[in-house]
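Asks: Below is the structure I would like to discuss, written out as structure tokens.
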Amino acid sequence: MTSPTKQNLSNAQWYARAKAVIPGGVNSPVRAWNGVGGTPAFLVSGRGATVTDAEGNEYLDYVMSWGPLILGHSHPALVAAATEAVMKGSSFGAPTPGEVELAEMVCASVPGVACFRAVSSGTEATMTAIRLARGYTGKSKLIKFIGHYHGHSDALLVSAGSGIATLGLPDSPGVTPGAAQDTLVVEWNNPQALKSVVAQYKNELAAIIYEPVACNMGCVPAIDGFHELIRSLATDAGALVIVDEVMTGFRLGKGGAVARFGLDADIVTFGKVIGGGYPLAGLGGRTDVMAYLAPTGPVYQAGTLSGNPVAVAAGLTQLKLLDDEVYTRLEALAQRLCDGLSAVFTEAGIPVQTPRVGSMFCLYFSDKPVQTMADANGADHARFGRFFHAMHDHGINLPPSGYEAWFVSSAHMEEDIDRTIEAAKVVSTVALTATL
Ligand SMILES: *Cc1c(COP(=O)(O)O)cnc(C)c1O
């Protein structure tokens, strides 16, 4: 058998081969580096906080598979758990003890979650959550916020029209107006806009879905009182609140954002960290709501690989290793990095924002705090692209877009953080004479 690493192809050669047989050469668009330009690195291995590309270059990684790898790449305990599971059988399509343990772990960790259904991706989790909310309430309309990402199912791949609050428009060819019309799109952190849309569609509203920290537009926490406003408006309208914790779940603490901010969610969706880097996601909530799912209830949902034993073994092992000590350390690392980067760019006279919640954060080249998608769009994304490439040349792998959150793992060391800040310093000094 030929191992891909033995072929000694460059990243560019792999990319050329990939583009011939895979749309755009990638299996998820952000991997094509369109946000920053250039040839994406093809990765062949990861260990701890570092990844290695096809050319043998090593990078300190802040993507971490977009969040799942909270304990780092190839954590020995997860490798052992997955290996042991796969030796016993990769999939049964029947109930397994591991799924029970996983559900018990989620219910014990997350306030308000009494019942949990496992699926294979975050997209599936949110898609099921909105179907469940519609089935439970008997209503159709859904509110989502501009810049919040909930996966790529039709009803959620919807963008705003010209107004601040409006009926949704398909955000992609192939999403029909019919699929989009029941989704109302509202500006994040805009209480007035939310109030007026809820007032207008009160009788038809099934659910409000949101990211408790908007991390698919960088890192944009809710303004004071916004969580509470969502909850009270939904309750008044007889609608459910779906807190999409695919990114924040088990990242902002064992109880996720729900515990951290004291939220009262009807349905919580999970993904990323819960699977430890394997295809595993899920949704949980109140027993009466969750009982609406088949086979107890009328709302249909199913999956050949749902609760896959290998993914569950790895995910459960990761969740068991997460304790307060891990979260405290992750948060300290993230803060050290945000403070360091902020100081470096301020010193260089380059305006920067480094918003952070727990160990999730990002960097906007912007002179004002980011509260909405319009603010995020206003950051200097061309400068971010140059920063990304300069850092990559220093062996540091940042998210390839100024709209993405950065992640640290427990495998990141203080020296790694300091090395990153040093690299940024070098880069920012070059910047004064060049183009950053
Ligand atoms: C990543 C993400 C999703 C989609 O999850 P996939 O596993 O990529 O389908 C949904 N919601 C949020 C908040 C996410 O960050």
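Asks: From the set of residues in the range 129-157 that are more than 12 Å from the ligand (Cβ to nearest atom) and of a type in the set (Ser, Thr, Tyr), which is surrounded by the fewest Cβ atoms within 10 Å (Cβ to Cβ)?
Replies: Ranking the qualifying residues of the range 129-157, first place goes to Ser140.
Asks: For the subset of the range 308-357 comprising residues that are of a type in the set (Gly, Ala, Ser) and open to solvent by 20 Å² or more (accessible area, probe 1.4 Å), which member is modelled with the lowest pLDDT?
Replies: Top of the filtered list is Gly349.
Asks: Just wondering, is there one or more residues in the range 11-33 that are away from the ligand (no atom under 16 Å from the Cβ), surrounded by 14 or more Cβ atoms within 10 Å (Cβ to Cβ) and under 20 Å from the mean Cα position of the chain (by Cα)?
Replies: yes
Asks: Based on this model, can you work out whether Gly253 counts as away from the ligand (no atom under 13 Å from the Cβ) and either of a type in the set (Phe, Trp, Tyr) or surrounded by fewer than 20 Cβ atoms within 10 Å (Cβ to Cβ) (or both)?
Replies: Against the criterion (away from the ligand (no atom under 13 Å from the Cβ) and either of a type in the set (Phe, Trp, Tyr) or surrounded by fewer than 20 Cβ atoms within 10 Å (Cβ to Cβ) (or both)), Gly253 does not qualify.
Asks: Step by step: first the residues of the range 260-299, then only those that are open to solvent by 40 Å² or more (accessible area, probe 1.4 Å) and closer than 27 Å to His73 by Cβ, then the one that is farthest from the ligand (Cβ to nearest atom). Which residue is that?
Replies: Arg260
Asks: I've got another one for you. Looking at (1) open to solvent by less than 50 Å² (accessible area, probe 1.4 Å); (2) over 30 Å from Cys338 (Cβ atoms); (3) not assigned by TED's automatic domain parsing to the domain that holds Ala313, which is the only condition Thr52 fails?
Replies: It fails just one condition, (2).
The values are calculated or read from the model by the stated rules, or taken from the named source; none is laboratory data. Treat the numbers as computed from the prediction; the structure is a model and nothing was measured. Positions of Cβ are backbone-derived with ideal geometry, glycine not excepted, and every protein chain shown enters the neighbour counts. The accessibility values were calculated without ligands, DNA or RNA, using every heavy atom of the protein model including side chains. Shrake-Rupley method; radii C 1.70, N 1.55, O 1.52, S 1.80 Å.
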